[in-house]
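The values are calculated or read from the model by the stated rules, or taken from the named source; none is laboratory data. If you're wondering where the values come from, they're calculated on a predicted model, not measured in any experiment. When we count neighbours, we look across all protein chains shown, and the Cβ atoms used for this are built from the backbone with ideal geometry, even at glycine. When the accessible area is computed, the model is the full protein with side chains, heavy atoms only, and any ligands, DNA or RNA have been set aside. Shrake-Rupley method; radii C 1.70, N 1.55, O 1.52, S 1.80 Å.
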Amino acid sequence: MQPKFLQYLPVAAHIGLWVFIWLWAGLTWGLVLWIPFISWSMWYIIGPTFSLRKKRFNKNLIGAVGGTVYAIVFILLIPVASKLFGFYGIPVLGFFAGLTIVLLELTNLFEYAMSYFFTFGSYFAFAFAGKAFGAVGDYGIVFAGTVGPLEGYMKDVVYFLFLVFVGFLLGFITDIARDKILKMEGLADDSAQKTIFDREAM
């Protein structure tokens, strides 16, 4: 069993409304539109139920911030790695980034490797698209063997994480509403609220 179409339609419409609100706000203030959609989806991938997603959020948040830190450190180490390993500098950095992130799965606080990888990859897309996405740091210069002013990188990290937090907020708001809407419709607990997708996650 799963919620019926007419029971689930208000949930989908409510999420659609928040998509509208975010896109309107983002376009109005000239913000990068796609970053919050990454972390919005990250809210939902950490478990098949609202209660589990809330419980795991602190680990998801650590992973999101950690992946961003990994990305900026990776970028700043490119000149050093290129001097040491030449053409293989970036692949070597990638090896150590992947190795250490996956090993974090063995911990009890930093284990959501998928969250690290989501923001790690997203930060690269944000940074190296440069001015098109509002990044102010000089990232291309790392391939010439040096780094740009750190102030630009720090501004980008703050801006990027702000938009990641916007996405998490959207996830939290829509998940609370999903839970409340389905409870009002008589689906009182997590087991009754699960869709086929949620059940496959167990």
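In the condition set (1) at positive phi; (2) touching a residue at least 60 places away in the same chain (Cβ under 8 Å), G86 is compliant with all but (2).
If a residue has to be part of a helix (DSSP H, G or I), open to solvent by 60 Å² or more (accessible area, probe 1.4 Å) and not acidic (D, E) to count, how many in the stretch 138-158 make the cut? Steps first, answer last, please.
Just the residues of the stretch 138-158 that are part of a helix (DSSP H, G or I), to begin with: 140-144, 150-158.
This time we only want the ones that are open to solvent by 60 Å² or more (accessible area, probe 1.4 Å), so: 143-144, 150-151, 154-155, 158.
This time we only want the ones that are not acidic (D, E), so: 143-144, 150, 154-155, 158.
Counting residues in the stretch 138-158 that are part of a helix (DSSP H, G or I), open to solvent by 60 Å² or more (accessible area, probe 1.4 Å) and not acidic (D, E) gives 6.
Would it be correct to say that L163 is closer than 20 Å to G26 by Cβ, among the hydrophobic types (A, V, I, L, M, F, W, C), surrounded by 13 or more Cβ atoms within 10 Å (Cβ to Cβ) and free of Cβ contacts under 8 Å to residues at least 60 places away in the same chain? Against the criterion (closer than 20 Å to G26 by Cβ, among the hydrophobic types (A, V, I, L, M, F, W, C), surrounded by 13 or more Cβ atoms within 10 Å (Cβ to Cβ) and free of Cβ contacts under 8 Å to residues at least 60 places away in the same chain), L163 does not qualify. Condition check for A192 on (1) buried (at least 16 other Cβ atoms within 10 Å of the Cβ); (2) in contact (Cβ under 8 Å) with a residue 40 or more places away in the chain: one failure, at (1).
Considered as a group, the residues in the stretch 139-155 that are under 23 Å from the mean Cα position of the chain (by Cα) and touching a residue at least 40 places away in the same chain (Cβ under 8 Å) include one that is farthest from G89 (Cα to Cα), and that residue is Y153. The lone criterion from (1) open to solvent by 50 Å² or more (accessible area, probe 1.4 Å); (2) touching a residue at least 60 places away in the same chain (Cβ under 8 Å); (3) in a loop (DSSP other than H, G, I, E, B) left unmet by Y44 is number (3). Among the conditions (1) under 16 Å from L169 (Cα atoms); (2) in contact (Cβ under 8 Å) with a residue 24 or more places away in the chain; (3) in contact with a helix residue (DSSP H, G or I) (Cβ under 9 Å, 6 or more places away or on another chain), the only one that W34 does not satisfy is (2). R178 satisfies every condition listed in (1) assigned to a loop (DSSP other than H, G, I, E, B); (2) surrounded by 15 or more Cβ atoms within 10 Å (Cβ to Cβ) except (1). For residues that are of a type outside the set (F, W, Y) and in contact with a Gly (Cβ under 6 Å, 6 or more places away or on another chain), scanning just the stretch 98-147, find the one that is farthest from L27 (Cα to Cα). Only one residue tops the list, namely I141.
In the stretch 85-130, the residue that is surrounded by the fewest Cβ atoms within 10 Å (Cβ to Cβ) out of those that are aromatic (F, W, Y) and not in a helix (DSSP H, G or I) is F110.
Table: residues versus (1) at pLDDT 95 or above; (2) more than 16 Å from F160 (Cα to Cα); (3) among the polar types (S, T, N, Q).
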| residue | (1), (2), (3) |
| --- | --- |
| P36 | yes, no, no |
| K55 | no, yes, no |
| A64 | yes, no, no |
| T68 | yes, no, yes |
| I72 | yes, no, no |
| L77 | yes, yes, no |
| Y88 | yes, yes, no |
| L93 | yes, yes, no |
| L106 | yes, yes, no |
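Annotation for the stretch 68-81: at least one member residue is exposed (fewer than 12 other Cβ atoms within 10 Å of the Cβ), in a helix (DSSP H, G or I), out of contact with any Gly (no Cβ under 8 Å at 6 or more places or on another chain) and not polar (S, T, N, Q).
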